[in-house]
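Bear in mind these aren't lab numbers, they're just calculated from the coordinates by the rules spelled out. A quick note: this is a predicted structure, and the numbers were derived from the prediction, not measured. Ideal geometry is used to build each Cβ from the backbone, glycine not excepted, and the neighbour counts take in all protein chains shown.
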Amino acid sequence: MKLNTTIFGISLFLLLVSGLSAQPAAVSTSSLEPFSGEKGTVRISGGTAHIPVMREAASRIMKFNRDIRITIAGGGSGAGIRQVGEGLVDIGNSGRMATEAEISKYDLRIFELAVDGVAVVVNPRNPVKALSSPELRGIYSGKISNWKELGGNDKQITVYTRDNSSGTRAVFWDKALNRSMITDRAHFAVSNGAMKAAVSQDPNGIGYISAGHIDRSVSPVALDGILPGLENIKSGTYPVSRILYANTRSNSRALALKFVDYLLTGEGQDLFAEKGFIPVR
Amino acid sequence: MRKEILVEKILFVTAAGSVFATAGVFLFMFYLGLPVITGGHLGDLFTSPWAPEQGLYGIRSMVAGSLLISILSLVFAFPLSLGCSIFIAVLNPGKMGWILKRTVQFMTGIPTVVYGFVGIFLLVPLIRNLFEYGSGMSILTAAFLLAILITPTMVLIFSESFRRVPVSYLDAVKALGGNPVQAFIHVILPYSWQGIIAGLVLAVGRAMGDTMISLMVAGNSVGLPRSILDSGRTLTGHIGLIIAADFDSLEFKSLFACGMILYVFTALIVTTARGLHYRKGAGSFK
């Protein structure tokens, strides 16, 4: 938990620094009006797919009202639900629905924020740009171990995966792998960001990330001929998708609820669209 | 006189406190890890693979990963540290040695996450291209970086213990016509071997306890490593990865077994080193 937070703190810092130069020109303040006169801290953790949007929303709110502090950490969906349940954070993000047990145990309030695809990605230098479902299962089970077998270079495939508390993994395993086995040779990345970094560094790597995290450093792979583009995810043609949730406790502070409300305003939902997700409203 | 008693009592309380803290941590881990042990899973811990989907929580790969990475890093770091401390303390204690020593002292303060970052962008691609095998994230990569991490600790302890050799002994070697190398082999090394062991113990403890480096560059795969170019997972990295799991799950509880194993390893290393020291029966173990 602390580790993931450290990694996220660092990547967040780097991203913040790199994002400073490219601020949107003018942000309408009407949706931010509920935050005027507010004061205090909102702590957010959990699902790493949400982070780009959370960061942008937080920076707009903190710019609008300097008395509000918003901290964003990763940790994965499981950690997000647990931490909000135990009162360690105000909002716990998750890339999967909280289980019955979690909802009753922690008395959670659940908000649907956006729809997100989980895309299979490879290094941009990899000539393989399309896979069938059986091929993908073959790669992840370890039966297909060389890119040559798929028309690529004669290189050993490096499979990247996430740990069990990841919502992205849960969806990928369920909908793309059909709950088939993942090889014990697979490398583990701790977040969507770490997975993207690993695949962008490794010419022979294959991984899966939130569609909102795709940029030029990795190439999305067409699955059974369908690319994980916004249109395909929206229409359901691309099957590997899930809803991104924000979870709060039923007795969460008003400021935290205002943050979630902001994400559900037109402006907040536009943010999701901008970052490559599909708004729910 | 009364003042002395007071000071003694204060010191006793602080010493007892640290003993209780150490024992308390162990008991705490034992208590929380009890479900794994009493549930008949203890044997499974070392025989089964790690596959939580199938209800298997074996940690043999992580034990192997931890041992391989820390031993390998020691293999790299020990000759390097020995050579470096000989240079600093014996061959060239002058300006060059002083500069080197300051550098080494500075290196002890670098956070491991920095080594990890550098490793990901420099060492990982290098290893991948050099061996044309796997992803470059491997036990070897982590061991290299850990070697850099533990070398300064060893250098400082080694060179200090070399320096404690009485000057008169070294003068005697000179008077007998011995050169510095002979002085090192026949006088300095026999005199300071306890310092060398102390440095080794600290270094192996640090190597085994480090989390960030192996988490970032060893790849963290759960299979038993077949070669040092394979990816592997350490006990500490495993705890770091799984800690996000649900508190009530067996998956999470098995982490306490990892903690206990780490604890036992460290205790074994320290007691072995102490045992060696007492058999020899001399000097203070610093």
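Got a sec? Which helices (runs of 4 or more DSSP H) wholly within the stretch A:181-274 have at least 3 residues that are touching a strand residue (DSSP E or B) at 6+ places or on another chain (Cβ under 9 Å) and within 14 Å of chain B (Cβ to nearest Cβ)?
So the answer is A:192-201.
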Worksheet, complete the sentence: Filtering the stretch A:74-104 down to residues that are out of contact with any helix residue (DSSP H, G or I) (no Cβ under 7 Å at 6 or more places or on another chain), without any contact (Cβ under 8 Å) to a residue 60 or more places away in the chain and surrounded by fewer than 24 Cβ atoms within 10 Å (Cβ to Cβ) yields A:86, A:88, A:99, A:100, A:101, A:103, A:104
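For residues that are of a type outside the set (Asp, Glu) and either under 30 Å from residue A:169 (Cα atoms) or under 21 Å from the mean Cα position of the chain (by Cα) (or both), tally how many sit in the stretch B:53-100. Write out each step before concluding.
Step one: of the stretch B:53-100, the residues of a type outside the set (Asp, Glu) are B:54-100.
This time we only want the ones that are either under 30 Å from residue A:169 (Cα atoms) or under 21 Å from the mean Cα position of the chain (by Cα) (or both), so: B:54-85.
Within the stretch B:53-100, residues that are of a type outside the set (Asp, Glu) and either under 30 Å from residue A:169 (Cα atoms) or under 21 Å from the mean Cα position of the chain (by Cα) (or both) number 32.
Quick grid of which residues meet (1) part of a helix (DSSP H, G or I); (2) within 30 Å of residue A:204 (Cα to Cα); (3) in contact (Cβ under 8 Å) with a residue 40 or more places away in the chain; (4) among the aromatic types (Phe, Trp, Tyr):
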site: B:203; (1), (2), (3), (4): yes, no, yes, no
site: B:213; (1), (2), (3), (4): yes, yes, yes, no
site: B:239; (1), (2), (3), (4): yes, yes, no, no
site: B:251; (1), (2), (3), (4): yes, no, yes, no
Discussion item. Can you report the number of residues in the stretch B:232-243 which are facing chain A (nearest Cβ under 10 Å) and either in contact with a Phe, Trp or Tyr (Cβ under 9 Å, 6 or more places away or on another chain) or charged (D, E, K, R) (or both)?
Written reply: 6
Practice prompt. Just name the residue that is farthest from the chain's Cα centre (by Cα) out of those in the stretch B:108-147 that are away from chain A (no Cβ under 14 Å) and in contact (Cβ under 8 Å) with a residue 40 or more places away in the chain.
Written response: B:140
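Could you look through the stretch B:77-107, keep only residues that are hydroxyl-bearing (Ser, Thr, Tyr) and surrounded by 14 or more Cβ atoms within 10 Å (Cβ to Cβ), and pick out the one that is nearest to the other protein chains (Cβ to nearest Cβ)?
Initially, the stretch B:77-107 is screened for residues hydroxyl-bearing (Ser, Thr, Tyr), giving B:81, B:85, B:103.
Those left that are additionally surrounded by 14 or more Cβ atoms within 10 Å (Cβ to Cβ): B:81, B:85.
Values: B:81: 28, B:85: 32 Å.
Filtering the stretch B:77-107 for residues that are hydroxyl-bearing (Ser, Thr, Tyr) and surrounded by 14 or more Cβ atoms within 10 Å (Cβ to Cβ), the one nearest to the other protein chains (Cβ to nearest Cβ) comes out as B:81.
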Worksheet item: Going through the stretch B:210-230 one residue at a time, which ones are in contact with a Phe, Trp or Tyr (Cβ under 8 Å, 6 or more places away or on another chain) and more than 8 Å from chain A (Cβ to nearest Cβ)?
Response: B:213, B:216, B:229
Response to the item:
When every residue in the stretch A:28-70 that is out of contact with any Gly (no Cβ under 9 Å at 6 or more places or on another chain) and more than 19 Å from residue A:265 (Cβ to Cβ) is compared, the one surrounded by the fewest Cβ atoms within 10 Å (Cβ to Cβ) is A:66
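Would you say residue A:210 is crowded, with 24+ Cβ neighbours inside 10 Å and more than 24 Å from residue A:155 (Cα to Cα)?
Numbers: crowded, with 24+ Cβ neighbours inside 10 Å: yes; more than 24 Å from residue A:155 (Cα to Cα): yes.
For residue A:210, the condition - crowded, with 24+ Cβ neighbours inside 10 Å and more than 24 Å from residue A:155 (Cα to Cα) - is met.
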Fill in: Matching residues in the stretch A:140-162 - criterion: being within 12 Å of chain B (Cβ to nearest Cβ), part of a loop (DSSP other than H, G, I, E, B) and surrounded by fewer than 23 Cβ atoms within 10 Å (Cβ to Cβ)
A:142, A:145, A:153, A:154, A:155
Worksheet item: So which of A:89, A:115, A:128 ends up being part of a loop (DSSP other than H, G, I, E, B) and closer than 20 Å to residue A:55 by Cα?
Response: A:89
